[in-house]
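The values are calculated or read from the model by the stated rules, or taken from the named source; none is laboratory data. Here the structure is a predicted model, which means the values were calculated and not measured. Here the Cβ is made from the backbone with ideal geometry for all residues, glycine too, and neighbour counts use every protein chain on show.
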Amino acid sequence: MAQQEDVFKKIVSHCKEYGFVFPSSDIYDGLGAVYDYGQNGVELKNNIKQYWWQSMVLLHENIVGIDAAIFMHPTTWKASGHVDAFNDPLIDNRDSKKRYRADVLIEDQMAKYDEKIDKEVEKARKRFKENFNEAQYRATSPKVLELAEKRDALHKRFQEVMNAEGGIDLEGMKQIILDEEIVCPISGTRNWTDVRQFNLMFSTEMGAAAEGASKIYLRPETAQGIFVNYLNVQKTGRMKLPFGIAQIGKAFRNEIVARQFIFRMREFEQMEMQFFIQPGTELDWFAKWKETRMKWHQNLGFGAENYRFHDHDKLAHYANAATDIEFHMPFGFKEVEGIHSRTNFDLSQHAKYSGKKIEYFDPERNESYTPYVIETSIGVDRMFLSIMCHSYEEQQLPDGQTRTVLHLPAALAPVKLAVFPLTKKDGMPEKAQEIINSLRFHFNCKYEEKDQIGKRYRRMDAIGCPYCVTVDQQTLEDNTVTLRDRDTMEQRRVAISDLRSIIEDKVSITSLLKNLI
Ligand code: ATP
């Protein structure tokens with residue numbers, strides 16, 4: 001674990017050193033849980049967004065996009081339930097003065113039981129060597145069974161307090177923390193305050209005070225921009241159920257425990273799609289979107305074992321199914337995307353609060369109804385982090401040296417091709433520029449002439465550039481170059497005229513999208 005934390009620290013500093021992610025307002029020592037994307041980060045982020053957008057809007061004839069404003073009529077958030085219920089349960093440790101989300105402390109405790117079980121299994125595997133039968137051991141070892149029983153009991157209690165009548169049972173939550181003897185990771189003590197609720201929405205004022213300014217919120221999710229535009233899009237686009245509306249945009253949450261770099265930010269970006277369907281078909285569509293979204297993730301080639309579904313214990317009262325797609329980060333399996341079956345809750349609420357009829361006339365059933373909704377909601381920044389974590393490698397080379405390389409999926413890499421003149425003379429720089437000029441309309445190219453070739457390769461490895469080309473004396477004679485592959489480090493001689501056909505397909509988002517259909 002300690003080793004994993006070290007790796008994570010290295011990834012964070014790598015992100016800064018190579019222009020991916022900077023702390024916000026860095027010269028003023030940053031702003032808590034707010035980050036800026038640098039010259040390479042913005043390219044990677046744009047590519048992630050493009051991969052998502054195109055997989056939704058380009059590959060589905062019945063999904064269209066919108067771009068709603070961040071500011072929305074304040075009643076939106078009354079209707080959606082955010083004013084009254086977008087709260088996190090908070091608890092403070094009196095000794096360290098640190099604040100935690102009580103539900104997260106309990107979830108971490110459950111994960112600890114799982115870790116202990118895994119440790120027991122690993123110990124037994126070493127002991128029994130090739131005779132080890134893992135399934136049998138898990139089913140019969142008294143130690144494992146005892147831990148599993150404790151975990152299940154905690155799980156059951158947690159579910160009860162989260163789903164208590166009238167909202168989360170805050171006292172019950174504190175009692176769990178005390179009974180489980182959960183300690184503050186900083187002070188190591190159990191000197192806890194009571195659990196309180198805290199609203200996560202940022203508010204500001206619109207209009208000058210004299211004119212009677214009104215309190216408005218920075219949207220905590222992009223979804224409501226889609227719900228309030230449901231009628232506009234359905235009517236003007238003459239959309240027939242089932243159909244979806246996709247959107248990418250900023251969201252803001254006053255997160256109490258902002259940690260783990262860009263995993264939990266106060267200003268972040270979401271990619272959400274609301275899929276409107278006939279009531280009664282939601283569980284089928286829920287299953288379908290689970291599969292579609294998992295395929296989208298696994299298509300990046302990071303290994304199926306690094307993903308899992310986590311079905312929600314706590315279902316919002318309006319939801320009838322919810323799951324998270326979790327990715328194996330250096331700090332454990334963590335949510336990257338949520339998939340929720342939200343019934344007709346949001347549209348009905350907006351109909352009630354706005355006084356407008358928000359319904360769909362179904363010509364096949366010859367009746368009007370409020371559509372049900374399946375939502376897929378993914379954080380761009382969390383996706384970015386998962387890609388960075390998986391791609392980062394400090395590689396030992398056969399010659400004893402090490403290199404830091406980002407094995408980014410080529411289609412997402414900020415720069416696709418770097419072109420180097422071997423030396424700054426004999427017309428090599430001009431030739432290199434010529435190559436870039438002919439390829440820049442097809443993919444992102446970068447010119448580099450500083451330092452020896454070896455150092456230039458290292459710099460390109462560190463930003464995940466999949467291909468490098470070197471222009472040398474021979475190039476001037478026969479128009480061939482050496483093409484070097486980031487992952488294998490193999491070099492081969494190819495004609496300049498072949499570069500586009502060799503590279504373009506491999507680095508294009510289209511190539512990723514083709515695997516999805
Ligand atoms: P968590 O339980 O981690 O707070 P959530 O369940 O509240 O997340 P949703 O409301 O379902 O998250 O939001 C959908 C997606 O938006 C999440 O899966 C995540 O990728 C992203 N997201 C949510 N909050 C943040 C945040 N503070 N910083 C970065 N991304 C976020």
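Restricting attention to the range 450-478, the residues being polar (S, T, N, Q) and exposed (fewer than 13 other Cβ atoms within 10 Å of the Cβ) number 2.
Within the span defined as the range 363-384, every residue fails to be under 30 Å from Y37 (Cα atoms), free of Cβ contacts under 8 Å to residues at least 24 places away in the same chain and surrounded by 11 or more Cβ atoms within 10 Å (Cβ to Cβ). One residue stands out among those in the range 335-359 that are within 15 Å of the ligand (Cβ to nearest atom) and in contact with a helix residue (DSSP H, G or I) (Cβ under 7 Å, 6 or more places away or on another chain): the one that is farthest from L283 (Cα to Cα), which is V336.
Close Cβ contacts (under 6 Å, 6 or more residues apart or on different chains) running from residues in the range 309-329 that are closer than 23 Å to Q349 by Cα and crowded, with 16+ Cβ neighbours inside 10 Å to residues that are modelled with pLDDT under 95 and aliphatic (A, V, I, L, M) comprise A322/L315.
Hey, could you check the range 409-468 for residues that are aliphatic (A, V, I, L, M), more than 29 Å from the chain's Cα centre (by Cα) and in a helix (DSSP H, G or I) and say which is farthest from V380 (Cα to Cα)? Residue satisfying both the conditions and the ranking: M428.
Could you tell me how many of the residues in the range 25-76 are small (G, A, S) and free of Cβ contacts under 8 Å to residues at least 40 places away in the same chain?
3
Return yes or no: is L178 assigned by TED's automatic domain parsing to the domain that holds S368 and either away from the ligand (no atom under 13 Å from the Cβ) or at pLDDT 95 or above (or both)? Here the answer is no, as L178 does not meet what is asked. I91 passes every criterion in (1) surrounded by 13 or more Cβ atoms within 10 Å (Cβ to Cβ); (2) part of a helix (DSSP H, G or I); (3) over 26 Å from the mean Cα position of the chain (by Cα); (4) outside the structural domain of W53 (by TED's automatic domain parsing) apart from (2).
The condition of being in contact with a Ser or Thr (Cβ under 8 Å, 6 or more places away or on another chain) and away from the ligand (no atom under 16 Å from the Cβ) holds for only one of Q395, Q433, that being Q395. Evaluating D313 against the criteria (1) more than 13 Å from the ligand (Cβ to nearest atom); (2) farther than 18 Å from L516 by Cα leaves one unmet condition, (1).
The set of residues in the range 217-243 that are more than 14 Å from the ligand (Cβ to nearest atom) and outside any helix (DSSP H, G or I) comprises Y217, V228, N229, G237, R238, M239, K240, L241, P242, F243. For the range 234-260, a residue qualifies if it is modelled with pLDDT of 95 or more and within 22 Å of I48 (Cβ to Cβ), and the qualifying residues are G244, I245, A246, Q247, I248, G249, K250, A251, F252, R253.
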